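Heads up: the structure comes next, in structure tokens.
The values are calculated or read from the model by the stated rules, or taken from the named source; none is laboratory data. Predicted, not measured: the structure shown is a model, and the values here were computed from it. Virtual Cβ from ideal backbone geometry, glycine too; neighbours counted across all protein chains shown.
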């Protein structure tokens with residue numbers, strides 16, 4: 001592999017999460033760990049019968065044999081597939097039934113994605129649940145300044161907010177697009193921010209092979225080259241140009257990450273009726289076909305490379321052509337894909353968490369987001385992307401919705417941990433203490449558990465109407481506006497060895513000096 005890819009391969013945090021100075025509610029939820037992904041104690045919901053699962057997998061094999069997948073502009077990928085026994089005709093690759101699944105078999109079913117602080121490492125796969133912020137929005141919005149193009153300052157803010165939240169375990173990637181930085185240099189600023197302003201795992205650049213190499217080189221400066229060679233410290237988001245096309249940008253970036261033994265998430269993007277046929281079965285089968293081929297390519301580059309089977313799927317309003325989110329059809333597809341991924345034997349990324357097409361953080365936004373999030377959580381997905389901040393189908397990251405979504409993330413984490421049925425949980429001593437017809441509020445059992453018995457969200461108003469009016473009749477969105485400002489005011493940058501920080505700064509500066517600015 002080094003002969004083929006050597007050119008491409010060139011290339012104690014203070015406290016866990018800083019609590020609000022007034023004593024944040026996250027700190028009053030000790031039953032929920034803020035040091036890593038939630039361990040799922042409730043079963044995943046599987047909607048596919050054995051027969052239905054077999055039919056969808058057979059459809060994926062049919063697509064790969066009869067229609068094929070195109071790899072445009074990537075002769076190395078075509079050569080690797082040809083050498084593996086696939087049929088290559090021009091840019092189209094076809095596979096015999098079962099061939100791609102066999103190639104995927106060397107991908108691990110579970111692995112660790114390392115943060116700069118070991119306490120922030122996350123385990124991907126198995127019963128683990130890792131929540132991540134939104135990704136890719138060119139706009140941001142807040143109640144003070146309204147909707148606008150995202151800047152590098154906004155990007156820094158969302159990395160900081162993600163770092164501070166106990167409910168998000170992963171720093172994300174392009175949390176918003178910093179459009180005030182040249183296109184060809186943005187990845188350097190974004191990776192630099194993830195590595196210096198947070199200690200959680202993150203995603204690197206993927207929009208060219210050189211940007212992928214830069215991302216990996218920067219992690220080597222921070223973690224050490226030997227450590228990076230043996231451990232996953234950065235994740236790539238490889239989107240398929242659905243239907244059934246990998247362009248050389250994505251496949252080349254995939255090969256760079258795979259050659260470096262870094263995590264590759266392969267995420268087909270299928271909207272039923274546009275990038276594939278209508279209906280959950282068709283969307284699930286095509287996603288499986290496209291995703292397996294990407295995972296297979298990582299294993300041809302470097303067997304054992306950690307991978308995630310992902311998706312970004314949705315339905316459309318077939319009257320207007322607009323995207324919809326949280327729809328029953330999309331949610332059914334989410335359930336099916338998680339089940340298919342487990343059967344494939346690799347970790348699963350859900351289609352998305354708190355997704356919405358709404359233009360504001362209103363009732364529509366929260367209804368659609370909640371619907372999509374419940375499906376993602378109950379499906380058993382290991383990673384839930386877009387769990388905080390999304391508006392307008394991903395065009396906009398909202399500061400207010402981000403912190404509103406954080407509360408829901410915390411509630412979902414609490415739910416997947418289930419509950420105990422031991423003697424203490426039953427509270428027999430409380431019955432003996434008060435007897436029939438009495439109030440349990442002051443019992444010893446209540447006093448032992450009142451701090452951690454229930455999840456306490458930050459934002460909802462649970463007081464009486466009169467108290468709410470006296471406080472200014474503020475909506476949830478207005479309270480969220482104050483909350484994200486308080487969080488940013490209390491942010492403290494995690495320490496980094498000065499020599500490492502200087503080397504990181506020097507690398508980014510040198511690479512920028514080698515390139516002319518490009519704005520497209």
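Answer yes or no as to whether residue 33 is surrounded by 14 or more Cβ atoms within 10 Å (Cβ to Cβ), assigned to a loop (DSSP other than H, G, I, E, B) and either at pLDDT below 95 or touching a strand residue (DSSP E or B) at 6+ places or on another chain (Cβ under 9 Å) (or both). Working first, answer last.
Numbers: surrounded by 14 or more Cβ atoms within 10 Å (Cβ to Cβ): yes; assigned to a loop (DSSP other than H, G, I, E, B): yes; either at pLDDT below 95 or touching a strand residue (DSSP E or B) at 6+ places or on another chain (Cβ under 9 Å) (or both): yes.
Criteria met by residue 33.
Which members of segment 358-409 meet the condition of being in a loop (DSSP other than H, G, I, E, B) and more than 16 Å from the chain's Cα centre (by Cα)? Give the steps one after another, and end with the answer.
Taking segment 358-409 and keeping what is in a loop (DSSP other than H, G, I, E, B), we get 358-362, 380-382, 385-389, 395.
358, 359, 360, 361, 362, 395 - these are the residues of segment 358-409 that are in a loop (DSSP other than H, G, I, E, B) and more than 16 Å from the chain's Cα centre (by Cα).
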(message) If I ask for residues that are under 18 Å from residue 397 (Cα atoms) and either in contact with a strand residue (DSSP E or B) (Cβ under 8 Å, 6 or more places away or on another chain) or surrounded by 24 or more Cβ atoms within 10 Å (Cβ to Cβ) (or both), which ones from segment 179-201 would you list?
(response) 179, 180, 190, 194
(message) Which numbered condition in (1) in a loop (DSSP other than H, G, I, E, B); (2) at pLDDT 95 or above; (3) in contact with a helix residue (DSSP H, G or I) (Cβ under 6 Å, 6 or more places away or on another chain); (4) within 26 Å of residue 106 (Cα to Cα) is the only one that residue 351 fails?
(response) (2)
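Only one of these is surrounded by fewer than 24 Cβ atoms within 10 Å (Cβ to Cβ), in contact with a helix residue (DSSP H, G or I) (Cβ under 7 Å, 6 or more places away or on another chain) and within 26 Å of residue 97 (Cα to Cα): 300, 278, 323, 254. Name it.
Values: 278 fails: in contact with a helix residue (DSSP H, G or I) (Cβ under 7 Å, 6 or more places away or on another chain); 323 fails: within 26 Å of residue 97 (Cα to Cα); 254 fails: surrounded by fewer than 24 Cβ atoms within 10 Å (Cβ to Cβ).
After ruling out the rest, the residue left standing is 300.
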(request) Identify all residues within segment 436-487 that are within 25 Å of residue 164 (Cα to Cα) and in a helix (DSSP H, G or I); write none if there are none. (result) 476, 477, 478, 479, 480, 481, 482, 483, 484, 485, 486, 487
(request) Name every residue in segment 303-320 that is at pLDDT 95 or above, surrounded by fewer than 24 Cβ atoms within 10 Å (Cβ to Cβ) and either assigned to a helix (DSSP H, G or I) or at negative phi (or both), in order of residue number. (result) 303
(message) Given the condition within 18 Å of residue 239 (Cα to Cα) and assigned to a loop (DSSP other than H, G, I, E, B), answer yes or no: does some residue in segment 323-344 qualify?
(response) no
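Do we have any residue at all in segment 235-245 that's surrounded by 24 or more Cβ atoms within 10 Å (Cβ to Cβ), out of contact with any helix residue (DSSP H, G or I) (no Cβ under 6 Å at 6 or more places or on another chain) and closer than 30 Å to residue 500 by Cα? Break it down stepwise before answering.
Keep residues of segment 235-245 that are surrounded by 24 or more Cβ atoms within 10 Å (Cβ to Cβ), which gives 235-238, 240.
Those still in the list that are out of contact with any helix residue (DSSP H, G or I) (no Cβ under 6 Å at 6 or more places or on another chain) too: 235, 237.
From the residues that got through so far, the ones that are closer than 30 Å to residue 500 by Cα too are 235, 237.
Yes.
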(request) Being modelled with pLDDT of 95 or more and surrounded by 12 or more Cβ atoms within 10 Å (Cβ to Cβ) narrows it down to one of 475, 486, so name that one. (result) 486
(request) Specify which of the listed residues (442, 513, 473) is more than 28 Å from the chain's Cα centre (by Cα) and within 17 Å of residue 189 (Cβ to Cβ). (result) 513
(request) Kindly provide the set of residues from segment 53-98 that are surrounded by fewer than 16 Cβ atoms within 10 Å (Cβ to Cβ), within 30 Å of the chain's Cα centre (by Cα) and in a loop (DSSP other than H, G, I, E, B), ordered by number. (result) 73, 98
(request) Give segment 345-394 a look and list any residue that's over 28 Å from residue 144 (Cβ atoms) and surrounded by fewer than 24 Cβ atoms within 10 Å (Cβ to Cβ), or say none. (result) 345, 371, 374, 378, 380
